[in-house]
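**Student:** Sharing a structure, written as structure tokens. Questions coming.
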Amino acid sequence: MNKSFIYRAEIDGLRAIAVFSVIFFHLGFEFFSGGYLGVDIFFVISGYLITSLILTELNQGNFKITNFYERRIRRIIPVLFFVIIVTLFTFVFILKPYELISFGNSLISNVFFIPNILFWREGGYFDVINNMKPLSHTWSLGIEEQFYLFFPLFLIIFWRYGKKKIIYSLLFLFLISFFISDYLITIKQEFTFYML
């Protein structure tokens, strides 16, 4: 990791609040009825950290896309595969045969970092049927990985044109994304929820 990148404890505190709000929401605590928004908070924090890291390294002239992807792989893959293995050995004895097919699909989709696409096609996040999908929470990891795939390339391309171009481009993307999301939420809620 970049030595000049400063650890910020308050950001880890915000991450903990985001994660616990989602956990308490799923446990049914009424005070946390909007706790699922913790996922969005987590996305914003991750986006901020990743953008800061990439821009710092680009500024120093030592950003390498291969190093970036290697760090993401080392950080995410071991934990993901641990969760997959534990879940596999646990739920293979609990799920019914027809549920095992869906579970197998979710395992495969996680390997290719597209669980959000699979779960969008299978039904809503808040549907009762999702209670028997042990890996349904990994949809957000799919979005995160898709962001990691495209966003560094975007920054590399626009870095050549100067920092102002990056700011203007990000502002433009933000506005377009906001308006598309605002429009799609009225006609395709599930799609809007699950997609990058």
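The values are calculated or read from the model by the stated rules, or taken from the named source; none is laboratory data. Note that the structure is a prediction, hence the values are computed from the model and not measured. Counting neighbours? That spans all protein chains shown, and the Cβs are built from the backbone with ideal geometry, glycine included. The protein model used for the area step is the full one, side chains on, heavy atoms only, and it has no ligands, DNA or RNA in it. Shrake-Rupley method; radii C 1.70, N 1.55, O 1.52, S 1.80 Å.
**Student:** Can you show me the helix-derived [θ] at 222 nm for the chain, built from DSSP H runs with n ≥ 4 at -39,500 (n - 2.57) apiece and divided by the number of residues, rounded to the nearest 500.
**Tutor:** Working: 8 runs with 143 residues, N = 196.
About -24500 deg cm²/dmol.
**Student:** Tell me, in nm to one decimal, what length is gained between Asn59 and Ser181 on full extension, where the rule is 0.36 nm per residue of separation less the Cα-Cα distance? Please report the intermediate quantities before stating the final value.
**Tutor:** Values: separation 122, 0.36 × 122 = 43.92 nm, distance 3.21 nm.
Stretched fully, the Asn59-Ser181 segment lengthens by 40.7 nm.
**Student:** Just tell me, in residue order, which DSSP H segments of the chain are both 18 angstrom or longer along the helix axis (alpha-carbon based) and at least 0.0 in mean Kyte-Doolittle hydropathy.
**Tutor:** Numbers: long enough: 9-26 (26 Å, 1.31); 38-60 (33 Å, 1.22); 65-91 (37 Å, 1.16); 97-111 (22 Å, 0.49); 139-159 (30 Å, 1.25); 163-187 (36 Å, 1.45).
Helices meeting the criterion: 9-26, 38-60, 65-91, 97-111, 139-159, 163-187.
**Student:** At Leu100 and Arg121, where each label point lies 7 Å from the Cα along Cα→Cβ, what is the point-to-point distance in nanometres?
**Tutor:** A separation of 2.2 nm, rounded to one decimal place.
**Student:** Another question about this same structure. Highest mean first, what order results for 78-87, 136-145 on Cβ atoms within 10 Å? Please report the intermediate quantities before stating the final value.
**Tutor:** Working: 78-87: 13.2, 136-145: 20.9.
Averaged packing, sorted descending, gives the order 136-145, 78-87.
**Student:** Please report the orientation-averaged projected area of segment 1-113, defined via the convex hull of its C-alpha atoms, in nm². Walk me through the numbers on the way to the answer.
**Tutor:** Details: hull surface 36.6 nm².
The number I arrive at for segment 1-113 is 9.2 nm².
**Student:** Report, to the nearest whole %, how much of the accessible area of the chain belongs to carbon and sulfur atoms, 1.4 Å probe, protein only. Display every interim value, and only then the final one.
**Tutor:** Values: 9140 of 12890 Å².
Reported share for carbon and sulfur atoms: 71 percent.
**Student:** Also, I was wondering about something else. Under the √(5λ) rule applied to the eigenvalues of the Cα gyration tensor, what semi-axes describe the equivalent ellipsoid of the chain? Give them in Å, descending.
**Tutor:** Details: eigenvalues 198, 82, 61 Å².
Semi-axes (√(5λ), whole Å): 31, 20, 17.
**Student:** So what is the accessible area of segment 1-121 per residue, in Å², with the probe set to 1.4 Å? Walk me through the intermediate numbers first.
**Tutor:** On the way: 7880 Å² over 121 residues.
Per residue, segment 1-121 has an accessible area of 65 Å².
**Student:** Return one whole number: the accessible area per residue of segment 152-191 in Å², for a 1.4 Å probe. Before the final figure, lay out the partial values.
**Tutor:** Working: 3370 Å² over 40 residues.
Each residue of segment 152-191 exposes 84 Å² on average to a 1.4 Å probe.
**Student:** Right, something else. Over the alpha-carbon set of segment 80-196, work out the extent along each principal axis and list the three values in angstrom, largest first.
**Tutor:** 56, 33, 14
**Student:** Arrange the peptides 56-64, 167-175 so that the one whose residues have, on average, the most other Cβ atoms within 10 Å appears first. List each step's numbers first, then the result.
**Tutor:** Values: 56-64: 13.3, 167-175: 11.8.
For the peptides 56-64, 167-175, the packing ranking is 56-64, 167-175.
**Student:** Another question about this same structure. If R0 is 30 Å, what FRET efficiency do you get for Asn67 and Tyr168 from their C-beta distance, rounded to 0.05? Before the final figure, lay out the partial values.
**Tutor:** Details: r = 27 Å, r/R0 = 0.91.
Efficiency, rounded to the nearest 0.05: 0.65.
**Student:** Would you mind getting me the FRET efficiency between Ile11 and Gln189? Use the beta-carbon distance for r and R0 = 30 Å, nearest 0.05.
**Tutor:** Values: r = 30 Å, r/R0 = 1.02.
About 0.50, to the nearest 0.05.
**Student:** Give the Debye-formula value of log10 I(q)/I(0) at each listed q (0.12, 0.21, 0.22 Å⁻¹), with one equal scatterer per alpha carbon of segment 9-71, two decimals each.
**Tutor:** Debye output, listed in q order: -0.42, -0.81, -0.84.
**Student:** Another question about this same structure. Around Glu70, under 15 Å between beta carbons, what's the net of Lys plus Arg minus Asp minus Glu among the other residues?
**Tutor:** Numbers: positive: Lys64, Arg71, Arg72, Arg74, Arg75; negative: Glu57, Glu145.
Residues close to Glu70 contribute a combined charge of +3.
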